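Reading through the structure tokens given below for one structure.
Coordinate-derived values only; no laboratory data. Model, not experiment: these values are computed from the prediction. Cβ atoms come from the backbone with ideal geometry, glycine included; neighbour counts cover every protein chain shown.
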Amino acid sequence: MKRTGLTLNVGEILDGRAPEKTIDFSETLDREDLDIRLSGPVAGAVRFIPADGGLVGLFHVQAPVQLLCSKDGEPYRETLELRFTHEFRSQPQGDESPILPDHTVDISPLLWDEVVVNIPMKPLCPPHKE
């Protein structure tokens, strides 16, 4: 699996040295797909807890995006507040993400996917523009 930039070490949990681990992060995701533009780094925290031979990550993320107003087409910035969980396993199935052999997980693709699915379909202008 290709690493994309935000690789976190979860070895302490996997080998039993820690019952859980919270990691703060801030990362500029270098992707601009589907006309989605980030206006700053994606930042937040993830709490990893062990679960059935793998890990569950509990995410709280702020993602600043540039949107186009559906009324006048002008760009404006909004910060998406995202809360979600995701599973990680050494041998992932379905939507799970891999735990790499060096006991790390790459969360960049996951963060990007969450931003994309949470963009409003027809963003309205912020109140100060109406």
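Structure above, values below:
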quantity	calculated
Computed FRET value (nearest 0.05) for residue 100 with residue 121, which takes r as the C-beta separation and R₀ as 30 Å	0.30
Normalised contact order of region 7-129, rounded percent, pairs of Cα under 8 Å and 6 or more residues apart	24
Charge dipole of the chain about the Cα centre (unit charges at C-beta), most positive-ward option of 107, 23, 79	79
Dipole magnitude of region 7-129 about its Cα centre (Cβ charges: Lys, Arg +1; Asp, Glu -1), debye to nearest 20	420
Charge tally in the Cβ shell below 14 Å around residue 93, where Lys, Arg are +1 and Asp, Glu are -1, residue 93 excluded	-3
Over the chain: helical MRE at 222 nm, DSSP H runs n ≥ 4 each giving -39500 (n - 2.57), nearest 500	-2500 deg cm²/dmol
Within the chain, percent of DSSP bridges classed antiparallel, to nearest 5	95
Descending semi-axes in Å of region 22-89, equivalent ellipsoid built from Cα gyration tensor	30, 11, 11
Amide proton proximity set for residue 69, modelled H, under 5 Å, gap of 5+	74, 76
Value in Å of the Kirkwood radius, where the chain supplies the Cα pairs that are averaged	15.9
